[in-house]
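Here's the structure, in structure tokens; my notes come after.
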Amino acid sequence: MREHQNLLSGGLSRVRHNKRYIFWFYVLNVALAWFGAGAFNNQVHQILDHSLLADRLVNGFDLSVLYEMFGRPEFGPTLASAAPAMHFAFLFLLLTALFLPGVLQGYASTYRLPREDFFRACGRNLWRFLRLMIVAGVVMAAVAAALLGIRSALLKAAEESTNELLPFSVSMATLLVIFLIMTALRIWFDLAQTDVVLSDQPAVGRSIGAGFRHTWRSLGRLLGSYVVSTIVAAIVLVAGLWAWMKLVPPASVFGAAVVSQLTLLLLLIPRFWQRGVAVTYYLQNMVEPIGVQSFTPVSVVAPAKEPLTATVTAPPETQAS
């Protein structure tokens with residue numbers, strides 16, 4: 001438990017001393033989401049600006065009115081409004097790959113990282129991060145597909161049982177196992193990304209191997225830390241939904257906007273906390289001590305002592321003049 005606290009407190013300390021990264025990522029997220037929702041906003045205005053049913057969406061939320069709006073011919077295909085959102089989501093993914101190395105470098109620094117050093121780390125590791133993200137996407141997609149296939153087979157077998165509670169128990173147990181395995185994969189590639197940046201490792205494969213070894217070696221510590229931060233994120237999400245439903249009046253658009261945006265801002269903290277945990281673990285366990293080098297002991301043989309002989313020479317006799 002003490003080790004978990006060390007990783008959690010160390011990661012949280014790095015997040016607390018670098019709060020500006022969360023703020024700027026939130027601003028980037030909101031800006032791209034605003035542009036991505038532009039096409040949908042235009043389609044909605046063309047219908048609701050000339051409809052008496054708009055009041056049932058402005059001063060509340062009527063799901064039947066929303067479905068009716070989607071089904072009207074003038075709304076157009078949903079792909080027309082979804083395509084820009086997907087494009088800006090992909091752009092956010094690329095910008096995350098660009099700026100995240102600077103965040104990791106800032107978390108590992110004992111001082112406030114200068115702006116030029118931040119962007120230098122971003123540019124130096126962009127291609128490395130893109131390769132890591134591609135490998136992580138392929139691995140996670142393959143593992144998730146396999147796990148979901150196994151879960152489907154187990155649920156099908158459980159439904160044939162006479163025990164009525166067995167399908168529910170199998171469903172919950174398999175979801176828990178999938179969550180833990182996918183979290184372990186996230187830890188693996190978080191450590192690999194941290195190693196790429198902090199060790200300035202151009203060979204991405206070596207960082208992937210180092211991340212896998214340390215994930216397996218300290219799986220309990222790392223998994224416990226990540227699960228705690230995920231539970232915190234779930235609590236924030238539930239609290240935000242509760243506040244939206246119980247505290248915000250249906251006609252208050254401003255109140256709904258404030259609660260939703262505050263919830264999204266707070267949801268960024270657990271993910272950056274996990275990055276701080278990865279950096280803390282790297283500095284504690286993956287960095288090689290400076291000045292400690294492997295050496296081969298050399299045996300020093302003293303030369304044999306020669307016998308010491310003293311030669312006494314009589315002084316020459318002086319001749320009498």
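Ranking request for peptides 219-227, 114-122: highest mean number of other beta-carbon atoms within 10 Å first, then the rest in descending order. Don't jump to the answer; show the numbers that get you there.
Details: 219-227: 18.6, 114-122: 14.7.
Output ranking for 219-227, 114-122: 219-227, 114-122.
Where Lys and Arg each count +1 and Asp and Glu each count -1, what net charge lies around Thr215 among other residues with Cβ under 14 Å from its Cβ? Write down the numbers at each step before the final one.
Values: positive: Arg186, Arg213, Arg217, Arg221; negative: Asp190, Asp195.
With Lys, Arg at +1 and Asp, Glu at -1, the neighbours total +2.
Which order do the peptides 125-132, 102-109 take when ranked by the mean count of other beta-carbon atoms within 10 Å per residue, highest first? Could the numbers behind the result be given before it?
Values: 125-132: 18.5, 102-109: 22.6.
Peptide ranking by packing, descending: 102-109, 125-132.
Test of understanding: express the Cα radius of gyration of segment 96-254 as a ratio to 2.2 N^0.38 Å, with N the residue count. Don't jump to the answer; show the numbers that get you there.
Details: Rg = 20.6 Å, N = 159, 2.2 N^0.38 = 15.1 Å.
Normalised Rg, Cα atoms only: 1.37.
Expressed in nm to one decimal, what extension gain is obtained for the pair Ile235 and Val287 from 0.36 nm per residue of sequence separation less their Cα-Cα distance?
Working: separation 52, 0.36 × 52 = 18.72 nm, distance 3.39 nm.
That pair, Ile235 and Val287, stretches by 15.3 nm at full extension.
Would you mind getting me the FRET efficiency between Phe35 and Arg131? Use the beta-carbon distance for r and R0 = 22 Å, nearest 0.05.
Numbers: r = 28 Å, r/R0 = 1.26.
E between Phe35 and Arg131, to the nearest 0.05, is 0.20.
If each residue of separation counts as 0.36 nm, what is the full-extension length gain between Arg271 and Leu166 once their alpha-carbon separation is subtracted? If you can, show how the numbers build up before the last one.
Working: separation 105, 0.36 × 105 = 37.80 nm, distance 3.42 nm.
Taking 0.36 nm per residue and subtracting the Cα distance, the gain is 34.4 nm.
Report the GluC sites (Glu not before Pro) located in segment 136-210 that are in a DSSP loop and have at most 13 other Cβ atoms inside 10 Å of their Cβ, or state none. Don't skip to the end; give the middle numbers.
Details: sites: Glu159, Glu160, Glu164; in loops: Glu160, Glu164.
Answer in residue order: Glu160, Glu164.
I'd like the accessible area for Leu237: 1.4 Å probe, protein heavy atoms, all chains in place, Å² to the nearest 10.
Accessible area of Leu237: about 80 Å².
The values are calculated or read from the model by the stated rules, or taken from the named source; none is laboratory data. Only a predicted model underlies this, so the values are computations on that prediction, with no experimental measurement involved. For neighbour counting, all protein chains shown are included, and Cβ atoms are generated from backbone atoms with ideal geometry for every residue, glycine included. For accessibility, only protein heavy atoms count, side chains too; no ligands or nucleic acids. Shrake-Rupley method; radii C 1.70, N 1.55, O 1.52, S 1.80 Å.
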